[in-house]
Amino acid sequence: MNGKKCPTADARPGMKLAASIIKESGQVILAEGTVLTDTFIEKLKLLNLEFVEIAENTAEEAPTPLASVETFDAVYDDTLQVIDNCFSTMRYFKEVPLMQMKELADTSIDLMADTTGVLSYLQIVRKQDDYTFRHSINVAIISGIVGKWVGMSGEELKDLIFAGLLHDIGKTQIPLEILNKPAKLTPEEMKIMKNHTIKGYKMLLGELGAHESILCGVLQHHEKIDGTGYPFGISGEQIHPFAKIIAVADIYDAMTSDRVYHIKRTPFEVIEEIKQETFGKLDPAICITFLRNILNYFMGAKVLLSDGEEAEIIYQRNHAYPTVCTRDGKFIDLEINRDISIVGFI
Ligand SMILES: [Fe+2]
């Protein structure tokens, strides 16, 4: 990462480190790419570091538009209301309010996807209700983040976010007793459920603004690169990049949510699971990009530990077990102290 020397005294929250800060013992204190917070800057000053390497241009970047969980939550709730209405229109009137959804994707969802710390915010604003609506918004946001990580921008990125928002609209045509069944689906019910991909595709076919890439994202988001997915069992390069990104976002959000049939897991457990179990199913290049970036993403996040202490993530050598610093300045490597775990975000 290109960087310039910045006196530690001039370091400001929001600046990004262009080089890792490493102790003489070889221990990484803050990794390259970490976005500085007030706490990090305080720690750097305590270390008597004269300079830090700051990534070019980040110091002048616009401040995060949704700077607190409260403002984020307000925009998220408004978005949820609109999506709730859109899904009701689709279920009961068989009409797709595409322009309304497009506007939402281009404005509030784009804004949320661009918010520093959005993945932590999503953990905080999660509730058990309205799963389908929340999941659609979350997949749109997470797809936008992953899309940026793989180098997408402009109209392509906007289309990807829109496809993420639309990916499960076929579920509005699935009977509610199957969609909300609080138990494992029978093989027959599963067949009906899996049909949401084709139903969603057909709902969008011929609609103005539903480009081919958006249609592919909706139709193929359950395909697997080894050909074991549905609806067609296509593989590898036959699957559109939009569908591959939505698949990663879909799995990440589903695993970190409270569902009728499983209890949510922390992003750290999910990241490890994606790493271990879904290689071979998900696109490897997208998976590697996702895992590499998410490693830095939660640096500085405030978390609640299983022993009731509040802490901040300061280093992640292992995805599932980061090192944290408690409020009273105690460093805990969760990989070594396996009896303590992260139970939530604060
Ligand atoms: Fe789906």
**Request:** Name the residue, out of VAL35, VAL69, that is modelled with pLDDT under 85, open to solvent by 50 Å² or more (accessible area, probe 1.4 Å), aliphatic (A, V, I, L, M) and closer than 17 Å to GLU312 by Cβ.
**Result:** VAL35
**Asked** Just to be sure, is VAL218 away from the ligand (no atom under 15 Å from the Cβ) and buried (at least 22 other Cβ atoms within 10 Å of the Cβ)?
**Response** no
**Message:** Take GLU188 and tell me if it is surrounded by fewer than 17 Cβ atoms within 10 Å (Cβ to Cβ), away from the ligand (no atom under 15 Å from the Cβ) and without any contact (Cβ under 8 Å) to a residue 24 or more places away in the chain.
**Reply:** yes
**Asked** What number of residues within the stretch 170-179 satisfy the criterion of being open to solvent by 20 Å² or more (accessible area, probe 1.4 Å) and either part of a helix (DSSP H, G or I) or within 11 Å of the ligand (Cβ to nearest atom) (or both)?
**Response** 5
**Message:** Between a residue in the stretch 132-154 that is not assigned by TED's automatic domain parsing to the domain that holds THR107 and any residue that is open to solvent by 10 Å² or more (accessible area, probe 1.4 Å), which pairs come within a Cβ distance under 8 Å, given they are 6 or more apart or on different chains?
**Reply:** none
**Message:** Considering only the stretch 226-239, I want to know if a residue exists there that is hydrophobic (A, V, I, L, M, F, W, C) and under 29 Å from ARG338 (Cα atoms).
**Reply:** no
**LEU49 assigned to a helix (DSSP H, G or I), modelled with pLDDT of 75 or more and of a type outside the set (Lys, Arg)** = no
**Request:** Inspect the stretch 161-169 for any residue being more than 16 Å from the ligand (Cβ to nearest atom), assigned to a helix (DSSP H, G or I) and open to solvent by less than 60 Å² (accessible area, probe 1.4 Å) and give the result as yes or no.
**Result:** yes
**Request:** Being in contact with a helix residue (DSSP H, G or I) (Cβ under 9 Å, 6 or more places away or on another chain) and either in a helix (DSSP H, G or I) or within 16 Å of the ligand (Cβ to nearest atom) (or both) narrows it down to one of MET152, MET203, so name that one.
**Result:** MET203
**Asked** Which one of the conditions (1) within 11 Å of the ligand (Cβ to nearest atom); (2) out of contact with any helix residue (DSSP H, G or I) (no Cβ under 8 Å at 6 or more places or on another chain); (3) modelled with pLDDT under 95 does PRO182 fail to meet, given that it meets all the rest?
**Response** (1)
**Message:** Going by what's in this entry, would LYS202 be described as closer than 20 Å to THR256 by Cβ, without any contact (Cβ under 8 Å) to a residue 60 or more places away in the chain and open to solvent by 40 Å² or more (accessible area, probe 1.4 Å)?
**Reply:** no
**Message:** Contact list please: Cβ distance under 9 Å, first residue in the stretch 209-226 and in the same structural domain as HIS196 (by TED's automatic domain parsing) and assigned to a loop (DSSP other than H, G, I, E, B), second residue among the hydroxyl-bearing types (Ser, Thr, Tyr) and away from the ligand (no atom under 15 Å from the Cβ), pairs at least six apart or on different chains.
**Reply:** GLU223/SER235; LYS224/SER235; LYS224/THR278; ILE225/SER235; ASP226/SER235
**Prompt:** Which one of these does PHE232 not meet: (1) open to solvent by less than 50 Å² (accessible area, probe 1.4 Å); (2) of a type in the set (A, V, I, L, M, F, W, C); (3) at pLDDT 85 or above; (4) in contact with a Leu (Cβ under 9 Å, 6 or more places away or on another chain)?
**Reply:** (1)
**Fill in**
When the stretch 78-101 is checked residue by residue, the ones that are under 22 Å from HIS211 (Cα atoms) and not charged (D, E, K, R) are ILE83, CYS86, PHE87, THR89, MET90, VAL96, PRO97, LEU98, MET99, GLN100, MET101
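The values are calculated or read from the model by the stated rules, or taken from the named source; none is laboratory data. Values in this document were obtained by computation on a predicted structure and should not be read as measured data. Note: ideal-geometry Cβ built from the backbone for every residue, glycine included; neighbour counts use all protein chains shown. Calculation scope for accessible area: heavy atoms of the full protein, side chains included, ligands and nucleic acids excluded. Shrake-Rupley method; radii C 1.70, N 1.55, O 1.52, S 1.80 Å.
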